[in-house]
1. Of all DSSP beta bridges located in the chain, what percent are antiparallel, nearest 5?
2. May I ask you to compute the full-extension gain from residue 31 to residue 244, defined as 0.36 nm times their residue separation minus their alpha-carbon distance, rounded to one decimal in nm?
3. How much accessible area per residue does the chain have, in Å², with a 1.4 Å probe?
4. DSSP loop GluC sites (Glu not before Pro) in the range 126-195 with at most 13 other Cβ atoms within 10 Å of their Cβ, which ones?
5. Given the Cα-Cα distance of residue 214 and residue 66 and 0.36 nm per residue of separation, how much length would full extension add, in nm?
6. With all protein chains present, how much of the accessible area of the range 151-245 (probe radius 1.4 Å) comes from carbon and sulfur, to the nearest whole percent?
7. Where does the range 84-212 land on Rg/Rh, using Cα atoms and the Kirkwood Rh?
8. Give me Rg/Rg_expected for the range 151-194, where Rg uses Cα atoms only and Rg_expected = 2.2 N^0.38 Å with N residues.
Amino acid sequence: HDTIEDYKRTLKFAYLYGKTVTLAKTHWPDTNRIMLRNRRIGLSHSGIQQFIAREGIETYRQWCEEGYKTIAYYDKVYSEWLCVPESKKTTSVKPSGTISKLAGATPGAHWPEALYMIRRVRLAKGSDLVAPLREAGYKVEPCVGQEDSTVVVEIPLAYDNMGGKLRSAKTVSMWEHLAMAAFLQKYWADNQVSYTVSFDPETDRGQLANALNYYQYQLKGISFLPRLDYGAFPQMPEEEITQEKYEELTKSIKPVDFQKIEHEEADAEKFCTNDHCSI
């Protein structure tokens, strides 16, 4: 958003969608009872680090507070009109890894792992998506350990570095990561902020207990993940590359033609979800 007025207008429609969902019933009576009582919704921010790099953290703080007040206003108005309780919780920050990348935005509250990278996506070997991706110039190779059933597609990805102001996650200290999560919990999210703090296992390991001790009063929950160099295991989801390498890889890539695909069955994601990882 370029203006706060445009941002508030988006919040209105996002709020109306979230509130409308609470009017529908699920298949579980216990869930319905809780949902009807709490009316909890979660309007999330993404691309946060891009906005801060462009506008500064004080402007972002103002937008957070103004946005939260706007949502509270609409919740009061529309809850009364719908004859339902006001929502006990309305705002959140979700991980938003894949969805953010589709929009060219940094994921949720996080700094990008790198400004230039290869993003690896796993597809079934027989997927109708494989042939169009190959034809467009993307590298497709067998998945290590699942060569008979799965392939890995390499997608070059670049973030606008906002005139050199956008940093990568590895240049941000563990303590700044924690401060960012606490900032969002204070000024935006009344639901829990979803945040994973990356840390150097060599230099930061001894500070984890102290970090949790200090931030227990400002966070509802937090995750920590040791930062591993590329090559810790084969075909890692993201690999940092240079700008020169990115430009070299994208030279031969053409727009993907998906017109011949009639139907593609969706497969549940493997590896990391919100609450667990499996390999």
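1. Counting only bridges with both partners in the chain, antiparallel ones make up about 70 percent.
2. Stretched out fully, the residue 31 to residue 244 stretch lengthens by 71.5 nm.
3. With all protein chains present, the chain gives 61 Å² per residue.
4. 147
5. Length difference between fully extended and current span is 50.5 nm.
6. Carbon and sulfur atoms account for 51 percent of the accessible area of the range 151-245.
7. 1.07
8. 1.61
The values are calculated or read from the model by the stated rules, or taken from the named source; none is laboratory data. Everything quoted here is computed from the prediction, not taken from an experiment. Reconstructed Cβ throughout: ideal geometry from the backbone, glycine too, with neighbour counts over all protein chains shown. Just so you know, the surface numbers come from the protein's heavy atoms only, side chains and all, with ligands and any DNA or RNA stripped out. Shrake-Rupley method; radii C 1.70, N 1.55, O 1.52, S 1.80 Å.
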